[in-house]
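Down below is the structure, laid out as structure tokens.
The values are calculated or read from the model by the stated rules, or taken from the named source; none is laboratory data. These numbers come from a predicted model, not from an experiment. Counting neighbours? That spans all protein chains shown, and the Cβs are built from the backbone with ideal geometry, glycine included.
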Ligand code: FES
């Protein structure tokens with residue numbers, strides 16, 4: 001067979017789809033669910049524009065086959081606020097991006113946001129980065145250094161070069 005059925009949750013809504021085996025998770029989101037926030041920059045895992053959260057972990061959705069994601073939970077930039085903020089406002093990181101002017105053309109922004117949210121969770125759960133390599137105490141609030149943020153977000157490219165403001169915005173969010 002060339003098609004299979006897959007059931008997965010996207011931004012808290014369950015979807016059952018019959019998909020060509022070659023469909024990527026990114027194409028599922030953009031072409032089948034009209035969630036065009038996740039961007040296709042390179043389609044080969046190099047730019048990070050397609051980053052989404054898969055069961056809470058950041059992934060390049062262009063590198064994953066949709067039919068392999070049976071039963072999994074996806075959060076895209078469209079669902080970021082609802083997934084994390086109770087009152088219907090913006091995710092704190094989205095607000096920080098606005099406050100700090102952390103974008104120019106905006107094409108990489110959805111990926112930067114999803115990646116940074118995943119990255120903050122990783123840092124909070126004690127996953128060391130290459131540059132700090134220190135154990136973090138369990139419950140203490142985490143504030144990341146500029147070097148650490150740059151290293152942890154190095155998979156997300158910005159052709160406008162808005163990095164200084166992106167790093168400032170991320171640094172503002174204490175998790
Ligand atoms: Fe997926 Fe570039 S589009 S990494």
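Things to note:
- The stretch 69-86, subset part of a helix (DSSP H, G or I) and in contact (Cβ under 8 Å) with a residue 60 or more places away in the chain, residue farthest from the chain's Cα centre (by Cα): 82
- Positions within the stretch 32-63 being within 20 Å of residue 154 (Cα to Cα), in a loop (DSSP other than H, G, I, E, B) and touching a strand residue (DSSP E or B) at 6+ places or on another chain (Cβ under 7 Å), in sequence order: 38, 45, 48, 50
- Checking residue 41 against (1) closer than 24 Å to residue 168 by Cβ; (2) touching a residue at least 60 places away in the same chain (Cβ under 8 Å); (3) surrounded by fewer than 16 Cβ atoms within 10 Å (Cβ to Cβ), the condition it does not meet: (3)
- Residues of the stretch 87-106 that are assigned to a loop (DSSP other than H, G, I, E, B) and surrounded by 18 or more Cβ atoms within 10 Å (Cβ to Cβ): 91, 100, 102, 103.
- Hey, residue 115 modelled with pLDDT of 95 or more and assigned to a helix (DSSP H, G or I) or not: yes
- Residue 34 passes every criterion in (1) surrounded by 21 or more Cβ atoms within 10 Å (Cβ to Cβ); (2) within 17 Å of residue 10 (Cα to Cα) apart from (1).
- Residues considered: 54, 63. Of these, the only one that is at pLDDT 95 or above, within 16 Å of the ligand (Cβ to nearest atom), over 18 Å from residue 173 (Cα atoms) and surrounded by fewer than 18 Cβ atoms within 10 Å (Cβ to Cβ) is 63.
- Scanning the stretch 40-52 for residues that are within 11 Å of the chain's Cα centre (by Cα) and under 21 Å from residue 21 (Cα atoms) yields 50, 51, 52.
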